[in-house]
Amino acid sequence: MMMVIRRFEEEAARHYAKGNIGGFLHLYIGQEAIAVAATEVLEDRDYIFQTYRDHGIALARGMPANAAMAELFGKDTGCSRGLGGSMHFFDVERGFLGGWGIVGGHLALAAGTAFKSKYAGEDRVTMCFFGEGSTNIGGFHEAMSLAGLWKLPVVFVCENNQYAMGTPLERTSPLKDLSIKAKGYGMVGLPSTGAEQSSSSASSRIPSPSCANGFWGSGSMRTRWTTSISRSTKRSTRQCGSQTSRHRPVRK
């Protein structure tokens, strides 16, 4: 699956460079191990929230590559009917609830979904991925605080690619190990280096859905329950781009 994600992203990058894909394109190259390892510990009934860098997670969750690529091209056969583009993949059938464009804005939604699962007595876990750029956003604190207070069945996974959208981590955070922040919310923090682990070895370090409280991290990784994982990774190519002349994909 890691190979599938890498090839998908490389093909998307080629078409973007040719002008066949409009709007923005945020690639997952260099972070494939996180997606694959994370989804290994999830059940089909669980939920996933992701940032705008959502291609890899969607594919690892089982979204057909054809539907994902069609979405980039703005086609009606895309996972969001061609209306979402790169940043807004969506697949209710597989519990993939976005693809969110606002930095840190989806963490509260993930906490809300986890609250619904607990309130309804459902055996479901919500896994929420976010970048290190989200850790300085007010919504990050609110979501983590409520999740820790109410012991919600949610796992927060910080994918720390060390540059957010384009600013080095050392210029935005006094902490290098972002997993330390988890302690402030009564969560277990687990740091990990995505590029140095296979998905199988990484999966063995993630709590099962039967865990009570979550953990989080910085970099590339996955998790479960009110927990926080921090996983560090490095970019291997440009991970974003924009075309101001064609903000929306053309539906074909």
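Of all residues assigned to segment 146-158, none qualifies as being in contact with an Asp or Glu (Cβ under 9 Å, 6 or more places away or on another chain) and aromatic (F, W, Y).
Every test in (1) more than 23 Å from F140 (Cβ to Cβ); (2) in a helix (DSSP H, G or I) is passed by I34 save one, and that test is (1). Scanning segment 160-174 for residues that are among the small types (G, A, S) and under 19 Å from the mean Cα position of the chain (by Cα) turns up A164, G166. Per the listing E32, E9, the residue uniquely of a type in the set (D, E), modelled with pLDDT of 95 or more, closer than 19 Å to P64 by Cα and buried (at least 20 other Cβ atoms within 10 Å of the Cβ) is E9.
Take segment 106-144 and flag every residue that is farther than 15 Å from S173 by Cα, aliphatic (A, V, I, L, M) and not in a strand (DSSP E or B).
L107, A108, L109, A110, A111, A114, A120, V125, A143, M144, listed by residue number.
Could you check how many residues of segment 67-90 are small (G, A, S) and either over 19 Å from the mean Cα position of the chain (by Cα) or farther than 16 Å from D54 by Cβ (or both)? Qualifying residue count for the region: 4. Within segment 164-199, being at pLDDT below 85 and in a loop (DSSP other than H, G, I, E, B) holds for A164, M165, G166, Q197, S198. Checked against (1) within 21 Å of P153 (Cα to Cα); (2) over 16 Å from the mean Cα position of the chain (by Cα); (3) in contact (Cβ under 8 Å) with a residue 60 or more places away in the chain, E93 passes all but condition (3).
State whether the residues of segment 96-103 include one that is modelled with pLDDT of 95 or more and farther than 23 Å from I29 by Cβ. Yes - at least one qualifying residue is present in segment 96-103. Selection over segment 145-161 of residues that are among the aliphatic types (A, V, I, L, M) and in a loop (DSSP other than H, G, I, E, B) gives a count of 1. The criterion of being among the small types (G, A, S) and crowded, with 20+ Cβ neighbours inside 10 Å holds for G104.
For segment 48-91, a tally of residues being of a type outside the set (A, V, I, L, M, F, W, C), in contact with a Phe, Trp or Tyr (Cβ under 8 Å, 6 or more places away or on another chain) and either at pLDDT below 95 or under 25 Å from R124 (Cβ atoms) (or both) returns 11. Scan segment 147-163 and report the pairs whose first residue is under 12 Å from L178 (Cβ atoms) and whose second residue is polar (S, T, N, Q) and part of a strand (DSSP E or B), with Cβ atoms within less than 6 Å and a gap of 6+ or a chain change. Short answer, once both residue conditions are applied: F156/S228; C158/S218; C158/S230; N160/S218; N160/S232.
Residues in segment 62-84 that are assigned to a helix (DSSP H, G or I) and either surrounded by 23 or more Cβ atoms within 10 Å (Cβ to Cβ) or of a type in the set (A, V, I, L, M) (or both): 7 in all.
The values are calculated or read from the model by the stated rules, or taken from the named source; none is laboratory data. Since the structure is predicted, the reported quantities are computational estimates derived from the model, not experimental observations. Every residue, glycine as well, gets a Cβ built from its backbone with ideal geometry; the counts of neighbours run over all protein chains shown.
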